Each structure stands twice: as structure tokens, then as C-alpha cells.
Amino acid sequence: MENQIAMTANEEYDPMQFTIAGITGMLVGLVSFIFGIAIFGGLFVAGILGLFSIAFPLPEFFGSIGLQGLLALVTGFVLYRTSKAIKKHELWAFSTSLYINIFAIVVFVSTSYPVVLLALLPLIPLLMLFLPNVKTYWYPTFREDITPRIKELKFSLRLVAKSPLVVAGIIILLVFVLFAILAPYIAPYGPEERLWSDGNLPPLSPSNQPGRPDHIWGTDNSGGDVYSRILYGAQIDLQVSITVVIVAVTIGSLIGAVAGYYGGKIDELVMRITDIFFAFPGLILAMAIVMALGERSLQNVSVALMITWWPTYARLVRGQVLAEREKLYVEAARSIGASDTRILLVHILPNTIQPLTVQATMDTGSVLLVAAGLSFIGFGPPAGIAEWGWMIATAQLYFTIAPWAVFFPGFAILFVALAFNLVGDGIRDILDPKLRRR
Amino acid sequence: MKLRDFILRRVLLAITVVFGVLTITWILAFIVGDPVTMYINENTPAEAIPAIRAAHGFDEPWPVQYFLYLSNLFQGNWGVSGSSSNMPVLEILALKFPATIELAIVAMIFAIILGIPLGIISATRKDQKIDHFTRIFSLAGVSMPIFWFAFMLKYVLYYYLAVNNLPHLPGGERYDTSTYLDFEFITGFLLLDSLIQGNIPIFLDGLVHLIMPGFALGYLTLAIITRMMRSSMLEVLKEDYITLARSKGLREKVVIYRHALRNAMIPTVTVIGLAFGGLITGAVLTETIFNWPGLGRWAVRSILFADLAAINGFTLLVAIIFVTANLIVDLIYGVLDPRIRFG
């Protein structure tokens, strides 16, 4: 505030530069917004139509152009808002604009080839922020703000590096993510490729087909290469469990935040609904939902798991919000006239993120286990697809003659779930202020 | 809040939750799925389907259908299971229930008698070798796919030993079918029945058959109990009254088992109650692998036949058991720790 008054009185700040910086930012924001509508709107309509005919590819949504479209949409909107605030010399907008422009570059770069050039656009408002007059206005405050945060981050990273279990978990996860990404390049066989003459070969045996690579982890009864199928299975299993948790966290925390913030009847209603969901053990509810949805597909499994998991996060976030909403900073935000939405999204929710991260990380492991269990009892992806639970389910009939076809997929599940648990445990210890500095 | 009011409130809440459960199963079976599939099979002519629909009231408006569903359930009419020669679902549930509960209880016993001491040892010897071992052991239990673990047990303890002519555990079923074909069940619990009839060989045989499935099923619960016991024990050991007890010169054993254990047990008791639901979930997977003639295997078989009535009945039963278990835990908790009643 003081700065603003000083600025209007003092002629050394050139308001023109602020206006330019603001307007360019707004323009770029609009471009990004329109771009987002173009991609996401189209996909969204297609998805709505798809709900009634063919399945909407929900698990494939993440890491797809649809997500990028959505991100571009949101980025554009936020960029537009912040740039408008820059025009009005509001101090908070400058650092936000810095982040959001960098984010916009990442979003554009990650989209497909023809629009990569768009990534140059956010550079313009970014450079505008560093116009001499504009920079002197916001940069010192920003530095003061950011230095302790960077220090804290470095401290956290050092704690991570010091804990061997967390490092082990992260390494396992990275390895499996690499497996998933690189599967088409490093897998010697295709995910659904069958060499019938190679059925039930033990690990390390050469293929009976001339010129084909060895089966280092053996084959299953129909001659599928276990090693290749596990690599491809990583794609599906990681995708499903991570998607489920992300969607469940989003839905659950929004519902829980609203319940906790407004309290009263809404709160009571939401809590009774979560009670009902908690009355079912996870696997059983997911089973009943997939059964009701009828068709066995990855999408149905994902939807069932999301419906099963959101109440956990709703409860968690509600508890956090209940504790946070009585604090002074919320009072302060309310007294300067911030709207409920703004208080919830900008002030309260970021403070619930730590327990949420821990819970979500650990749950990704459990979702993986339940998803594998579901496909084991016959509710998985369509038959033949390389998915770990399903691989065990098909190989179990031959487990006396080909135990390796059961052994290796199970090990993959165990390792990934273990890694998620290790990382979750580690993050909890690192974030816990009581244990943090001793 | 008085204890009576507390109990009343919790029981009322549990009843609402049961109604919610009924509603959800109804939504799943009647709104998302098509209930008429319970009464038809692939040989039903297409022209007959509307008549069947009308006969069961599936063409009525949904509030009427909901009422019909509830009144059927309360009259004990849970539908018939097409995949089990059209037996009434409730009858099958009653028939298969004891086998599953027997398995779950044995698993729970495994989990409790191993988990609580492991947790105490791990907490009192924090950061020593045995603590690291226990932590890895319990972490593995939480991350292990139950069905895979059961397979590995079966492969080593049954198949591998049997092939090499070594003494081995039985690979499945509740008892040796070849020897005891004429055994009469009274309550359905094999161990109990054989004891009542004074038939010790069958009792021992049943016990041997329970070891492997019981442990496979109990491992997850064991891991959860160990972790909970360890963390709550660590928490309690930091309390002032423990320091006081130590400074009075009490022996460490007395401090831990007389003073700390009682308070550390409270969260563990909750977890034990909640884990019962997990055990029934696990039973679905374990029973399939060990050919256990219980609810879980029956449910999985019903899934393969798309037997909606059976799945609906199974889901309902499990949910009701789970709610009851939670209610009991809540009440015990309220009695043990008066602070909860004011929460």
C-alpha cells in the first residue's frame, strides 16, 4: 500500500510501463484462454458425447492433450486476471505473473508440435516484468519473500536425501515410470504378442522361434513374454492408480472444504454421506460399482475406485479446514472483504496440502493393490491386456508349472506399492514440524 | 454427555448409515444396473422380459420400487441366486457365513498375538536392528497384494514340499474331504462342531487347514496392528506420566506393561475393529486361492456368472457387519476413554 502511494506521488515510476506490461499479459492470457477453449472445449464435447456411446478415455486423459487444453484454459484466465492487477499496480500480481508465465511456457512447450511457437508468447509479459521501472517496484519485496522459502525447500530436500528409505522409494518409482514410458523401446515383445510355441518357458530360456530375443523372465501359458508384459503393465497400473487418486483428491477436497467451511447442515449431510461410503470395505464397494456398471473396462474400474476413495479426502480436508477457519489470518482476509471462494481456495486450502500429500501418496499404493485385486477376481481391463493383476489371474491356473508368471507381476505390484508407502511415510516425517528440527 | 446418551446417539447414527447402505446398494443395482437381469438368463425369450419386469414391479415409478426393495429386504426376501441353482440368497449367506467368519477370526488371532508384541518390541527398541526388521516386515505387509502372497505361501508350503515328499500343509479346503465325508455340521463352525462332538482328529485337521489361509489373510492386519502399536507406543512413551513412573524408580517392564500399554492400546483397539472389514475384503481374495467354501469364493463365482442378486446380498451383508463392528468399537472406545463422549 505504502509503495503504491509513494509511486503515484513519485514521478520516477512510469505508469506507462505498467500499463504495457499489464496489457501484453492480458493479451497473452486471452490467447492462451482461447487456445485452451479450442482444445479442451472440443474434447469436452466429444467426451460428453462419448459418455453416451463409447467410453470416455478417463485414464488416458492425464498426459493427454485434453489436460493441456484445460491447463491452458486455466493459465489464460489467471494470467488475464493478474495482468489486469498489474495495470493497477497491485503488488501481489507481479510474483504471480512471474510464476504463471513460466507455467504457461511449460504448458505450451508440452503441447503438440505446431503450437510450440506459442511458448514464445508468455516470454513477452515475462520480459515486461523486468522493465527497469517495473522491476524496482516489485523485485525487492519479492526477493525478501522468496529467500526463506528457498532455504526451507533446500532444507527439506536435504532431509529427503538423508533418509535412505525415501530415496529408495523415489528410485523405485522413477524406475517404474521409466519402464512405463520406455516400454515400447526396451520391451523385446509386444504387450499382447503371443508366441504359442513358447508357452510356459522358464526364465532366461531362448525363444523357440528363430531370431527372437530370449525370455528373461519366462513366458506365461499362452506364450506371452512376462518381462515385456510387466513393462507395458506399468503404463496401465501407474496410470490408473495415479489418475484415480488425483481425481479423488480433487473431488474429495473440494467437497470436504465446502463442508468444513460452511459447517451446519451441509457439513452434517456430507459427513453422513461419507459415513455411508465408509461402511463398505474398499474392494467390495468398487466391486459392486463395477458390477452395476456392467461392462469390464479400465474406465469403469477407475470410476469405481474414484467413487470409493473420495470420502477419505473429504474427511481429511474437512478436519483441516475446521481447524484452519478459526485462525486469525482467515479473519484478516475476511475483514478486508475477500470472498468465501477466495478465502477457501487461496488461503485455507494451501494449508491443508501437507497431510493431503501424505495421504494421497500412501493411497496411490493402496489403489494399486485394490485395482490389482479387482482384476484378479475378474473386474479388470478386458482380457488379454497386460495388467499386473490380470497377469496373475490368468497365470494362477498354471502356477504349478509356471510359477514365474505369477511371481514377477506380483513383485512388480509389491515394489510399486512399497515405494509409494515409503515415500508417503518419509514425506510425513519430513513435513512433521515436531520431527523436523531436532 | 452421559454414557447412555452417547450409546443412543451412536446406535441411531449406525441405523442411519445402514439405511444409507441400503440406498446405495439399491441405486447400484436398480438405477445403474438393470434389476431384471436377476430373473432372466440367456434362454429367456425377449418377449417375456416385460412381463417379468412387471411381475417384480420394476416398471413402477422409482419411489415405489425403493419401497418394494426395502420391504423385500426386511421380510427376508433377498432374491434368489441364479448361479447357485436358484437358492434364496439369504439361505446361502447363512450357509457360507461360518466358514468365512472362522477364517477371519483365526486371521485376527494371528494378527493380534503377533502384532501387539511386535509393535511393543519395535517401539521400546527404537532404531535398533529388531525395530528395522519389524518396520520392513510391516511395511511389506501393507504393500503386499494378498492374493499374490497367498500364492507364494501355497507354492512353498504346499506344492514345493509336497513334490519333494516332505511334510506339508494342506493346499486348500476346510478339511480333508476324503476322510471325513460323513461329518455333520451343527453350527457351521468346523472347530466348534468337532469339539462339541468330541471329534479331536477332525478338530486338528481343521486347525491345520486354517494355518495357511489364516496367516495369508491376517498378514495385512498384522502389519497394520504392528504399525499402529509402534507409533502409539512411541507417542505414549513421551508422556509426562511415563517420565514420572520412571523417575519413581519403577522397573522398565512395569513402566511399559502397566503404565504405557493401557493407553497405547486405545488406538490399536480401534484399528483392530476397523480391520475386521479389511479381513472380509481379504477373504474374497484368499478364499478363491485356498478353495475355501466361504462367502468370498461364492461372491467371486457369482461375479463370473453376473449374478446381481448374489453380489447385492453379499455387499449388504459385508456392509452391515462392517457397520456393526465400527459401532462396537465406538462404544468400547467411549467406555474406555470418557473424553470421546464429549467429542
Picking from B:155, B:160, which residue would you name as being under 29 Å from the mean Cα position of the chain (by Cα), hydroxyl-bearing (Ser, Thr, Tyr), within 14 Å of another protein chain (Cβ to nearest Cβ) and assigned to a helix (DSSP H, G or I)?
-> B:155
Within region A:272-281, can one find any residue that is more than 20 Å from residue B:23 (Cβ to Cβ), more than 8 Å from chain B (Cβ to nearest Cβ) and of a type outside the set (Phe, Trp, Tyr)?
-> no
Close pairs from region B:118-130: first farther than 13 Å from residue B:237 by Cα, partner in a loop (DSSP other than H, G, I, E, B), Cβ under 6 Å, at least 6 apart | none
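What's the total number of residues in region B:267-287 that are within 8 Å of chain A (Cβ to nearest Cβ) and either out of contact with any Gly (no Cβ under 8 Å at 6 or more places or on another chain) or surrounded by fewer than 23 Cβ atoms within 10 Å (Cβ to Cβ) (or both)? Give the derivation first.
Taking region B:267-287 first, the residues within 8 Å of chain A (Cβ to nearest Cβ) are B:277-278, B:280-281, B:284-285.
Cutting the leftovers down to either out of contact with any Gly (no Cβ under 8 Å at 6 or more places or on another chain) or surrounded by fewer than 23 Cβ atoms within 10 Å (Cβ to Cβ) (or both) gives us B:277-278.
Result for region B:267-287: 2.
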Restricting attention to region A:244-299, which residues are of a type in the set (Ser, Thr, Tyr) and surrounded by fewer than 23 Cβ atoms within 10 Å (Cβ to Cβ)?
-> A:250, A:261, A:262, A:274, A:297
Could you please find all residues in region B:181-213 being within 23 Å of the chain's Cα centre (by Cα) and assigned to a loop (DSSP other than H, G, I, E, B)?
-> B:185, B:186, B:187, B:188, B:189
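Got at least one residue in region A:183-202 being in contact with a Pro (Cβ under 8 Å, 6 or more places away or on another chain) and of a type in the set (Phe, Trp, Tyr)? Lay out the reasoning, then the answer.
As a first pass, look at region A:183-202 and keep what is in contact with a Pro (Cβ under 8 Å, 6 or more places away or on another chain): A:183, A:188-189.
Among the residues that remain, those that are also of a type in the set (Phe, Trp, Tyr) are: A:189.
Taking every residue of region A:183-202 in turn, at least one turns out to be in contact with a Pro (Cβ under 8 Å, 6 or more places away or on another chain) and of a type in the set (Phe, Trp, Tyr).
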Please specify each residue of region A:360-391 satisfying the condition of being outside any loop (DSSP other than H, G, I, E, B) and away from every other protein chain (no Cβ under 14 Å).
-> A:360
If you go through region B:224-240 one residue at a time, do you hit one that is in a helix (DSSP H, G or I), touching a Gly at 6+ places or on another chain (Cβ under 8 Å) and over 23 Å from residue B:126 (Cβ atoms)?
-> no
Reported set for region A:220-234 where residues are in contact with a Lys or Arg (Cβ under 6 Å, 6 or more places away or on another chain) and either crowded, with 21+ Cβ neighbours inside 10 Å or of a type in the set (S, T, N, Q) (or both) is A:222, A:224
Sole exception among (1) in the same structural domain as residue B:140 (by TED's automatic domain parsing); (2) under 21 Å from the mean Cα position of the chain (by Cα); (3) not basic (Lys, Arg) for residue B:233, by number | (2)
Which residue out of A:336, A:353 is under 17 Å from the mean Cα position of the chain (by Cα) and surrounded by fewer than 21 Cβ atoms within 10 Å (Cβ to Cβ)?
-> A:353
Can you tell me how many residues in region A:176-220 are closer than 19 Å to residue A:412 by Cα, touching a residue at least 60 places away in the same chain (Cβ under 8 Å) and part of a loop (DSSP other than H, G, I, E, B)?
-> 7
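Regarding residue B:108, is this residue within 25 Å of the chain's Cα centre (by Cα), within 14 Å of chain A (Cβ to nearest Cβ) and at pLDDT 80 or above?
Taking the combined requirement at face value, the residue does not satisfy it.
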Could you tell me which numbered condition residue A:323 fails, if it satisfies all but one of (1) in contact (Cβ under 8 Å) with a residue 24 or more places away in the chain; (2) more than 8 Å from chain B (Cβ to nearest Cβ); (3) in a helix (DSSP H, G or I)?
-> (1)
From the residues in region A:282-320 that are closer than 24 Å to residue B:36 by Cα and of a type outside the set (A, V, I, L, M), which one is farthest from the other protein chains (Cβ to nearest Cβ)?
-> A:297
Scan region A:392-403 for residues that are surrounded by fewer than 22 Cβ atoms within 10 Å (Cβ to Cβ) and either facing another protein chain (nearest Cβ under 8 Å) or aromatic (Phe, Trp, Tyr) (or both) and jot them down.
-> A:396, A:398, A:399, A:400, A:403
Being of a type outside the set (Phe, Trp, Tyr), within 12 Å of the chain's Cα centre (by Cα) and more than 29 Å from residue A:399 (Cβ to Cβ) is the filter; apply it to region B:288-322 and report the residue that is nearest to the other protein chains (Cβ to nearest Cβ).
-> B:319
Can you find even one residue in region A:327-340 that is away from chain B (no Cβ under 14 Å) and in contact (Cβ under 8 Å) with a residue 60 or more places away in the chain?
-> yes
Do we have residue A:135 as surrounded by 11 or more Cβ atoms within 10 Å (Cβ to Cβ), over 30 Å from residue A:225 (Cα atoms) and over 24 Å from the mean Cα position of the chain (by Cα) here?
-> yes
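The values are calculated or read from the model by the stated rules, or taken from the named source; none is laboratory data. What you see is a predicted model, and the numbers here were worked out from it, not measured in a lab. Virtual Cβ from ideal backbone geometry, glycine too; neighbours counted across all protein chains shown.
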